[in-house]
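K.L.:
Below you'll find the structure I mean.
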Amino acid sequence: MKSAYELAMERLAKQSPTTKLSDAQKRELAELDSKYKARVAEREIFLQGEIAKAREQGDPEALAQLERQMSVERRNLAAECEEKKEAVRRKP
């Protein structure tokens, strides 16, 4: 007798079967991860410098705005990366 987990996994496999990625696709996905990690780090370094300046000046509004900006940029870059990775996964 199968467990509920096994039955659920079978149903999931029928609804959206997993696809095998080629070595080229795996390399491309790894390159995208690396590229976007670097872009996120670059933005964080820049914004951390701006945040430090805002702290020194005692400007809480600018500090809050920069922290929001960092959060938004992280989300945007992550979404952009996922879109590109999904396009790679869809390639035959």
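Quick note: the coordinates plus some simple rules give every number you see, no bench work behind them. Worth saying up front: this structure is predicted, and the values here are computed from it rather than measured. Backbone-built Cβ (ideal geometry, glycine too); neighbour counts: all protein chains shown.
K.L.:
Remind me, relative contact order of the chain in percent, using alpha carbon pairs under 8 angstrom and six or more residues apart?
P.N.:
Relative contact order comes out at 37 percent.
K.L.:
Charges only on Cβ, +1 for Lys and Arg, -1 for Asp and Glu: so what's the dipole of region 35-77 about the Cα centre, in debye to the nearest 20?
P.N.:
Using only the charged Cβ atoms, the result is roughly 360 debye.
K.L.:
Set Lys and Arg Cβ to +1 and Asp and Glu Cβ to -1, take the dipole of the chain about its Cα centre, and tell me which of Val72, Ser22, Ile45 lies farthest positive.
P.N.:
Of the candidates, Ser22 comes out farthest on the positive side.
K.L.:
Pairing the Cα long axis of helix 4-15 with the longest principal axis of the chain, what angle in degrees results, from 0 to 90 and rounded to the nearest 10?
P.N.:
90
K.L.:
Another question, then. Among the trypsin sites (Lys or Arg not before Pro) within region 1-84, which fall in a DSSP loop and have no more than 14 other Cβ atoms within 10 Å of their own Cβ?
P.N.:
For trypsin sites (Lys or Arg not before Pro) across region 1-84 that sit outside H, G, I, E and B with at most 14 neighbouring Cβ atoms in 10 Å, the list reads Lys2, Lys20.
K.L.:
If you don't mind, another one. With each run of n ≥ 4 DSSP H residues scored as -39500 (n - 2.57), what mean residue ellipticity at 222 nm is computed for the chain after dividing by its residue count and rounding to the nearest 500 deg cm²/dmol?
P.N.:
Value at 222 nm, helices only: -30000 deg cm²/dmol.
K.L.:
Is there a quick way to get the dipole size of the chain? I mean about its Cα centre, with the Cβ of Lys and Arg at +1 and of Asp and Glu at -1; what is the value in debye to the nearest 20?
P.N.:
That gives the chain a dipole magnitude of about 640 debye.
K.L.:
Hey, another quick one. What residue among Glu82, Glu73, Glu56 has the largest mean-square fluctuation in a Gaussian network model of the chain, using Cα springs under 10 Å?
P.N.:
Top of the fluctuation ranking is Glu56.
K.L.:
Let me ask something else about it. Please list 3J(HN,Hα) in residue order for region 35-51, calculated via the Karplus relation 6.51 cos²θ - 1.76 cosθ + 1.60 where θ = phi - 60°; whole Hz, with x for glycine and proline.
P.N.:
Along region 35-51, the couplings run 4, 6, 4, 5, 5, 5, 4, 4, 5, 5, 4, 4, 5, 5, x, 5, 5 Hz.
K.L.:
How many nm is it between the label spots at Leu21 and Ala78, if each spot is 7 Å from the Cα in line with the beta carbon?
P.N.:
In this crude spin-label approximation the distance works out to 1.8 nm.
K.L.:
With the crude spin-label approximation of a point 7 Å out along Cα→Cβ, what separation in nm comes out for Leu12 versus Glu31?
P.N.:
Taking the simple label geometry, Leu12 and Glu31 are separated by 3.1 nm.
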